[in-house]
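Asker: I am attaching a structure below and will ask some questions about it afterwards.
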Amino acid sequence: MRDFHLPGRSAVFASNGMCATSHPLAASVALDMLKRGGNAMDAALAGAVLLGICEPQMTGIGGDCFVLHSRPGQEIQALNGSGCAPAAATASALRAQGLEAVPPGSADAVTIPCAIDAFCRTAETEGRLGLDVLLQPAITYAEEGVPVAPRTAFDWQINAGTLKGAARRHYLKDGKPLRCGDVFRAPGQAEVLRRLAKHGREAFYSGEVAEDIVSALSAMGGSHTLEDFARANSLATLPVEGQYKESCLAEHPPNGQGATAILLLNILKHFELAGLDPHGAERAHIEAEAAKLAYDARNRFLADPDHTARLAHILAPETAARLAALIDPKRAMPTAAPLTEAVHKDTVYITVVDKDRMAVSLIYSIFHGFGSGIASEKFGILLQNRGAGFTLEEGHPNELGPGKRPMHTIIPAMLKQNEEVVMPFGVMGGAYQPTGHARLVSNLLDFGMDLQTAIDAPRCFADSGVLKVERGYSDEVRQQLTELGHKVEIPDTPLGGAQAIRIHASGVLEGASDPRKDGSALGY
């Protein structure tokens, strides 16, 4: 139970259904879908598409998604809605230009957006209401406009310089970033969504919409073709899992980085975290050192599903034990080398649980703030730059190549107990996400925090040689971490943004939403 003498938000409790996400309009729309008789998938899809209008710097129909979903008594299912590099893409061509990484603002960084294929597929196979019903709220808001929320305005200001060409016309107001309270309209996207509602996925992956996108990419030197778009295809798969105390963490498999969170928790098992101060230097140090080792393994091995050969090694308890033995409780180690410079944190997440306890955990992103900065001329579809997640290192599993999916930072998750899902959750924040997942699980299971407190609690993250420590930590803790050898900095922006719904044995739903975002949990 949180201390009501301190500032903070309360968790939300309800019995019939609940949504937690990063923008209140999307949460409200999701709840409306549940009240209309839709299930959790209907609600999650309707809310997710709207998030692309509410938070266009974070996500949109030019992006990718990953989904976990479950029904009581059934195995968790996963859907990989991430896109592939075009058939003509090669790392050797970029190396020949003298490049050491895929330029994040280039057409070379744009993989084929696959979220729409995944949304159409799950609406048909898992939903009840139909795609036309699910898209109607986003169509209305895209046409009439959405007031820009405070955190969205903050991000807009920071990332507006990414926008180029037609994107500046579609996403700036008189050449300047939109401010808090300004109304953002996207009539071109409204038209695309109307066509999708009427004709399904083909309205996006062929015809005028696909031609508009390919034309924009060609003008920027891209090798994308209409054939690449026609081949876009989401993949049904199963999650990877790892045990932590009495619970089991289910994560999306590669090319997502979910296995990193499981490895990180497997390393942390070797330390008695529960006896430490949850906001003290000792816990922060051990977590930072474990993260360095887990992320190094990620950078070496995780890639396209067809090119990740050592997943079992990453998940093996013996691997975690050997890595845990490398941690010095009294001294920081050098950081693990980053795979590329392109690990950013522009993502949205939505989770829904319905009255039948179907649960959905969905994450949806265009990668960097405003993605590649490239938008299609007519419809204003902003394109992701997930290809910046590839490496150009010859022979690496994650080397850029034709038809390959890059290593992805976005990961939805679910926590299980006794083989039943008890909490769908996600922690937005690019590379931070595995650390965010592990910290949230540890806050709950090691320290017994309630859900909202576990999300609100201050965070730290070892990233590229720096230990980022949020302002919620004391100056004394920062000094102690510095003395252990960490280069400590207070980050300019918050670390991540979590959303979660806990399913209690009583049948009551408990939702929590991160104050680091504009969002909310709503139930009925």
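Asker: Given the peptides 285-294, 422-431, 255-264, 228-237, arrange them by the average over their residues of other C-beta atoms within 10 Å, most packed first.
Answerer: Ranking the peptides 285-294, 422-431, 255-264, 228-237 by packing returns 255-264, 422-431, 285-294, 228-237.
Asker: Let me ask you something else. Express the accessible area of segment 1-94 per residue in Å², computed with a 1.4 Å probe while the remaining protein chains stay in the model.
Answerer: On a per-residue basis, 32 Å².
Asker: To two decimal places, what compactness ratio does segment 1-70 give when its Cα radius of gyration is scaled by 2.2 N^0.38 Å?
Answerer: Compared with the compact-globule rule of thumb, segment 1-70 sits at 1.30.
Asker: Let me check I have the definition right: for segment 352-399, take the eigenvalues of the Cα gyration tensor, multiply each by 5, take square roots. What are those semi-axes in whole Å, largest first?
Answerer: Computed over segment 352-399, the values are 30, 22, 7 Å.
Asker: Per residue, how much accessible area does segment 192-242 have with a 1.4 Å probe, in Å²?
Answerer: For segment 192-242, the per-residue accessible area is 46 Å².
Asker: What is the sum of charges, Lys and Arg at +1 and Asp and Glu at -1, for the other residues whose Cβ falls under 10 Å from the Cβ of Gly373?
Answerer: Combined, the nearby Lys, Arg, Asp and Glu give +2.
Asker: Starting from the Cα gyration tensor of segment 412-524, multiply each eigenvalue by 5, take the square root, and state the resulting semi-axes largest first in whole Å.
Answerer: 28, 14, 13
Asker: Averaged across orientations, what area in nm² does the convex hull of the alpha carbons in segment 213-268 project?
Answerer: 6.0
Asker: In segment 348-421, carbon and sulfur make up what percent of the accessible area (probe 1.4 Å)?
Answerer: Carbon and sulfur: 43 percent of the exposed surface of segment 348-421.
Asker: Using only DSSP helix segments of four residues or longer, with each worth -39500 (n - 2.57), what per-residue ellipticity at 222 nm results for the chain after dividing by its residue count and rounding to 500?
Answerer: -10000 deg cm²/dmol
Asker: Still on this model: What translational diffusion coefficient, in µm²/s and rounded to a whole number, does the Stokes-Einstein relation yield for the chain at 10 °C and a viscosity of 1.306 mPa s, taking the hydrodynamic radius as the Kirkwood radius over Cα pairs?
Answerer: 70
Asker: Placing one identical point scatterer on every Cα of segment 144-277 and ignoring solvent, what is log10 I(q)/I(0) from the Debye formula at q = 0.09, 0.14, 0.21 Å⁻¹?
Answerer: Debye intensities relative to I(0), on a log10 scale: -0.54, -0.96, -1.15.
Asker: Before I look further, what does segment 349-396 give for accessible area per residue, probe 1.4 Å, in whole square angstrom?
Answerer: 19
Asker: If the limit is 18 Å between Cα atoms, which of Lys292/Lys330; Lys164/Lys378; Lys269/Lys292; Lys292/Lys487 go over it?
Answerer: From the list (Lys292/Lys330; Lys164/Lys378; Lys269/Lys292; Lys292/Lys487), the Cα-Cα distance tops 18 Å for no pair.
Asker: Round to a whole number: what % of the accessible area of segment 1-103 belongs to carbon and sulfur, probe 1.4 Å?
Answerer: 53
Asker: Along the Cα→Cβ direction, 7 angstrom out, place labels at Glu394 and Glu246. What is the inter-label distance in nm?
Answerer: 5.5
Asker: Another question, then. Given a 1.4 Å probe and every protein chain left where it sits, what share in percent of the accessible area of segment 446-496 is carbon and sulfur?
Answerer: 44
The values are calculated or read from the model by the stated rules, or taken from the named source; none is laboratory data. Model, not experiment: these values are computed from the prediction. Ideal geometry is used to build each Cβ from the backbone, glycine not excepted, and the neighbour counts take in all protein chains shown. Note: accessible area is taken over every heavy atom of the protein model, side chains too, but ligands, DNA and RNA are not part of it. Shrake-Rupley method; radii C 1.70, N 1.55, O 1.52, S 1.80 Å.
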